[in-house]
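Before any comments, here is the structure.
The values are calculated or read from the model by the stated rules, or taken from the named source; none is laboratory data. Quick caveat, the model's predicted, so the values are computed rather than measured. We place every Cβ from the backbone using ideal geometry, glycine too, and count neighbours over all the protein chains shown.
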Amino acid sequence: MPDPAPTLVTGAAGQVGQDLLRHLVGRGVPVVAADLRPRPDGDPTLDAIPWHRLDVTAPGAVADLVGCLRPQRIFHLAAILSARGEQDPQATYRVNQTGTYNVLEACRIHGVPQCVFTSTIAVFGPGLPEVVPDDVPLHPTTMYGVTKVAGELLGAYYAQRYGLDFRGVRFPGLISASLPGGGTSDYALFMYYDGVRLGHYTAFCRPDTRIPLMYMPDAVAGLVDLALAPRTRLRRHVYNIAAFSPRADEIARSVQRALPGVRIDFEPDPERQAILDSWPRALDDTAARTDWSFRPRFDLDAMTDDLVPKVRALVHGRSAEAPSPAAAP
Ligand code: SER
């Protein structure tokens, strides 16, 4: 019998990609990874996954890989996040916008049945209600947000025009035991990471900053649950998903409960604070809970208890040169 068609993950070396690959392998899904970056070292699960170098901005390369693999599904994660994106909006446009177009075109040309897209709270902009539903006017202030809005719309167009099964979630800021990748929500992860590594962290936001956050295991399980949900149950292409929405000083207190003696200060950076202030404080994810039974398992303190030992292992297993918090985008 031929092997079942694999699942392809773009942006596989990124913060979501690595955890998604491990989750898919754990669920017995045959998976193939693609990224511009090489396979991260030292993880036996990742070592066993076929790994392709792929620049999603190159249409021919994307179409060739998809034509060769004939995947049954693509998780399209490759993207530049908001803070790093503001350092180079042009590259962000190429990777996020052209890259998504190239992946959707490859799906069309080679008849890939399903494309799963990772959108974000960054699609929203100023003037939001206290709890933000799926359908509000979208006025993002970052190139990352602009390209993610366009990706949502483009995917819905390919669904309507070409019958592609296009699905996606709007992720909150994600926290996991891997190094952050240039997001504006990274202050939360750095409280844990530098709390363990250095015993102190100066956050680039105000203590009363509040955005939706989620622990990576819930994010990855949610993404895969959405991919596997019966199409007939889905009333939308892209869903808000939510877990918890702590103030930054509440995260600091949760970290200090688990790591007594850690010092966390706040020195807001005007640009990143403005981005954070333009995002939702809380999300309404009723549709995701109703249509495909999305249920996060972790609240803030449960995440802290699970995460701190993992961050300890990450920090102590690494050599000294991790990025400094001040240098983090
Ligand atoms: N974590 C992302 C960022 O900060 C938000 O989706 O850019």
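Give the number of residues within the stretch 139-170 that are within 12 Å of the ligand (Cβ to nearest atom) and within 20 Å of Gly222 (Cβ to Cβ).
Qualifying residue count for the region: 3.
Among residues belonging to the stretch 100-126 that are part of a loop (DSSP other than H, G, I, E, B) and touching a strand residue (DSSP E or B) at 6+ places or on another chain (Cβ under 8 Å), point out the one that is nearest to the ligand (Cβ to nearest atom).
Phe124
Would you mind stating whether Ala48 is of a type in the set (A, V, I, L, M), surrounded by 19 or more Cβ atoms within 10 Å (Cβ to Cβ) and without any contact (Cβ under 8 Å) to a residue 60 or more places away in the chain?
No.
Output the qualifying pairs, or none if there are none: Cβ atoms under 6 angstrom, residues six or more apart or on different chains, first residue in the stretch 152-169 and of a type in the set (Ser, Thr, Tyr), second residue at pLDDT 95 or above.
Short answer, once both residue conditions are applied: Tyr158/Leu104; Tyr158/Leu164; Tyr158/Phe166; Tyr162/Arg108.
Given the criterion among the aliphatic types (A, V, I, L, M), on the phi < 0 side of the Ramachandran plot, away from the ligand (no atom under 16 Å from the Cβ) and in contact (Cβ under 8 Å) with a residue 24 or more places away in the chain, identify the matching residue among Ala242, Ala227.
Testing whether each residue is among the aliphatic types (A, V, I, L, M), on the phi < 0 side of the Ramachandran plot, away from the ligand (no atom under 16 Å from the Cβ) and in contact (Cβ under 8 Å) with a residue 24 or more places away in the chain leaves just Ala227.
Would you please name the residue that is farthest from the ligand (Cβ to nearest atom), looking only at residues in the stretch 171-188 that are among the small types (Gly, Ala, Ser) and at negative phi?
For the stretch 171-188, the residue satisfying everything is Ala177.
Right, Gly17: modelled with pLDDT of 95 or more, closer than 19 Å to Val149 by Cβ and surrounded by 19 or more Cβ atoms within 10 Å (Cβ to Cβ) or not?
Details: modelled with pLDDT of 95 or more: yes; closer than 19 Å to Val149 by Cβ: no; surrounded by 19 or more Cβ atoms within 10 Å (Cβ to Cβ): yes.
When the stated conditions are applied, Gly17 does not pass them.
Across the stretch 84-107, what is the number of residues that are among the aliphatic types (A, V, I, L, M) and within 15 Å of Leu153 (Cβ to Cβ)?
Qualifying residue count, the stretch 84-107: 2.
Being in contact with a helix residue (DSSP H, G or I) (Cβ under 7 Å, 6 or more places away or on another chain) and free of Cβ contacts under 8 Å to residues at least 24 places away in the same chain is the filter here, so list the residues in the stretch 109-139 that pass it.
Scanning the stretch 109-139 gives a single hit, Leu138.
Within the stretch 57-99, count every residue that is touching a strand residue (DSSP E or B) at 6+ places or on another chain (Cβ under 6 Å) and assigned to a loop (DSSP other than H, G, I, E, B).
3
What number of residues within the stretch 37-74 satisfy the criterion of being charged (D, E, K, R) and in contact with a Ser or Thr (Cβ under 7 Å, 6 or more places away or on another chain)?
Final tally of qualifying residues: 1.
With Ala274, Ala242, Ala221 as the choices, which residue is touching an Asp or Glu at 6+ places or on another chain (Cβ under 8 Å) and modelled with pLDDT of 95 or more?
Testing whether each residue is touching an Asp or Glu at 6+ places or on another chain (Cβ under 8 Å) and modelled with pLDDT of 95 or more leaves just Ala242.
Restricting the search to the stretch 265-287, which residues are under 21 Å from the mean Cα position of the chain (by Cα), away from the ligand (no atom under 16 Å from the Cβ) and assigned to a helix (DSSP H, G or I)?
Thr286, Ala287
Can you pull out the residues in the stretch 127-138 that are part of a loop (DSSP other than H, G, I, E, B) and either among the charged types (D, E, K, R) or within 16 Å of the ligand (Cβ to nearest atom) (or both)?
Of everything in the stretch 127-138, those that are part of a loop (DSSP other than H, G, I, E, B) and either among the charged types (D, E, K, R) or within 16 Å of the ligand (Cβ to nearest atom) (or both) turn out to be Leu128, Glu130, Asp134, Asp135, Leu138.
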